[in-house]
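The values are calculated or read from the model by the stated rules, or taken from the named source; none is laboratory data. Predicted model, so just to flag it, every value in this text is computed and none were measured. We place every Cβ from the backbone using ideal geometry, glycine too, and count neighbours over all the protein chains shown. SASA here: full protein model, heavy atoms, side chains in, ligands and nucleic acids out. Shrake-Rupley method; radii C 1.70, N 1.55, O 1.52, S 1.80 Å.
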Amino acid sequence: MSAPAFTADVPDAAAAEAVGPEYVTAVGKVILSHVRNELAGAVAFDEPAIALAPGPREKWLACRIAMEEYGHHLKFARLAADLGLDSAANGRSLSVFDYQLTSWAEFVGLKALVDLAEVVLMEELLATSYLPLRRLVAGLLPEEHFHVAFGKARTRDLLTDPANVDVVQQAVDQLVRCTVPFFGRSVSANNDAFRQWGVKQRTNDETRAHWIGRARHFVEGELGLRFPDADRHWNG
Ligand SMILES: [Fe+2]
Ligand SMILES: [Fe+2]
């Protein structure tokens, strides 16, 4: 039987330290995963997309998105530093960043689906117990919503040419498969601690299922494509 969940709001780093080292570790793991993943995404996808963009307007938008993702990395890193955490400490970035980006079609599909996963994670943090993190994600979500809206609109544009249907369907299949692990394992001691300390509210499977629902709605309902098999359970 687990202890009752922690329900206080923690206003700043000093208050987090006063709650204790387990709290700092739990909230720190969430912040550091964003520090790593915002940087990994900017390096693997957003910066290369500038070269893949087909024209000046797309390059300008890709530059803006890359700038915003590097900015997200820096802002999460500042939050980590306030808590005395070393953002340069090695941790693995998620498998989705191993995805090899080769085309503009893949990039816009990625913004629609993978940034939607980031939106789902950030929306949950709007209720996190650590108020500096809550305020930061509230400030970043408009930019993440813009990335998703951009990805969705550009993916729909591509599909006005029937010659692009196969390439977009292939990108969707691969991107969904790569994003399923993004939410963590079904059995996760980290997630247990995050919920115990009010850093998160949902299990990894609940968050994954939420993303699958929204992603499926986009792929089937808005694009008219096939959504691949995706299981809410994932254990590596
Ligand atoms: Fe971001
Ligand atoms: Fe983004």
So residue 169, is it farther than 27 Å from residue 44 by Cα and either crowded, with 18+ Cβ neighbours inside 10 Å or more than 16 Å from ligand 2 (Cβ to nearest atom) (or both): no
Where a residue in region 128-148 is without any contact (Cβ under 8 Å) to a residue 40 or more places away in the chain and its partner, wherever it lies, is open to solvent by less than 20 Å² (accessible area, probe 1.4 Å) and more than 10 Å from ligand 1 (Cβ to nearest atom), with Cβ under 7 Å and at least six apart: 134/125; 134/128; 137/125; 148/111; 148/112; 148/116
Residue selected from region 123-147 under the condition outside any helix (DSSP H, G or I) and in contact with a helix residue (DSSP H, G or I) (Cβ under 7 Å, 6 or more places away or on another chain), by the criterion farthest from ligand 1 (Cβ to nearest atom): 130
Selection within region 19-67 - of a type in the set (Lys, Arg) and within 12 Å of ligand 2 (Cβ to nearest atom): 64
Any hit, region 49-61, residues being over 24 Å from the mean Cα position of the chain (by Cα) and either crowded, with 18+ Cβ neighbours inside 10 Å or of a type in the set (Lys, Arg) (or both): yes
Filtered residue count, region 66-106, keeping only those that are open to solvent by less than 30 Å² (accessible area, probe 1.4 Å), among the acidic types (Asp, Glu) and more than 16 Å from ligand 1 (Cβ to nearest atom): 1
Neighbours by Cβ (under 9 Å, 6+ apart or cross-chain): first from region 58-70, closer than 12 Å to residue 45 by Cα; second among the basic types (Lys, Arg) and within 12 Å of ligand 2 (Cβ to nearest atom): 65/111
Count of region 141-157 residues which are of a type in the set (Asp, Glu) and within 13 Å of ligand 2 (Cβ to nearest atom): 2
The lone exception for residue 15 - which of (1) farther than 16 Å from residue 122 by Cβ; (2) of a type outside the set (S, T, N, Q); (3) in contact (Cβ under 8 Å) with a residue 24 or more places away in the chain; (4) in a helix (DSSP H, G or I) it fails: (3)
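Residue-by-condition table, conditions (1) out of contact with any helix residue (DSSP H, G or I) (no Cβ under 7 Å at 6 or more places or on another chain); (2) surrounded by fewer than 17 Cβ atoms within 10 Å (Cβ to Cβ); (3) at pLDDT 95 or above; (4) aromatic (Phe, Trp, Tyr):
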residue: 11; (1), (2), (3), (4): no, yes, yes, no
residue: 17; (1), (2), (3), (4): no, yes, yes, no
residue: 21; (1), (2), (3), (4): yes, yes, yes, no
residue: 27; (1), (2), (3), (4): no, no, yes, no
residue: 32; (1), (2), (3), (4): no, no, yes, no
residue: 36; (1), (2), (3), (4): yes, no, no, no
residue: 47; (1), (2), (3), (4): no, no, yes, no
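Residue-by-condition table, conditions (1) closer than 27 Å to residue 189 by Cβ; (2) assigned to a helix (DSSP H, G or I):
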{"position": "34", "(1), (2)": "yes, yes"}
{"position": "57", "(1), (2)": "no, yes"}
{"position": "60", "(1), (2)": "no, yes"}
{"position": "67", "(1), (2)": "no, yes"}
{"position": "71", "(1), (2)": "no, yes"}
{"position": "79", "(1), (2)": "yes, yes"}
{"position": "86", "(1), (2)": "yes, no"}
{"position": "96", "(1), (2)": "yes, yes"}
Residue satisfying condition, being of a type in the set (A, V, I, L, M), at pLDDT 95 or above and over 30 Å from residue 157 (Cβ atoms), within set 88, 81: 81
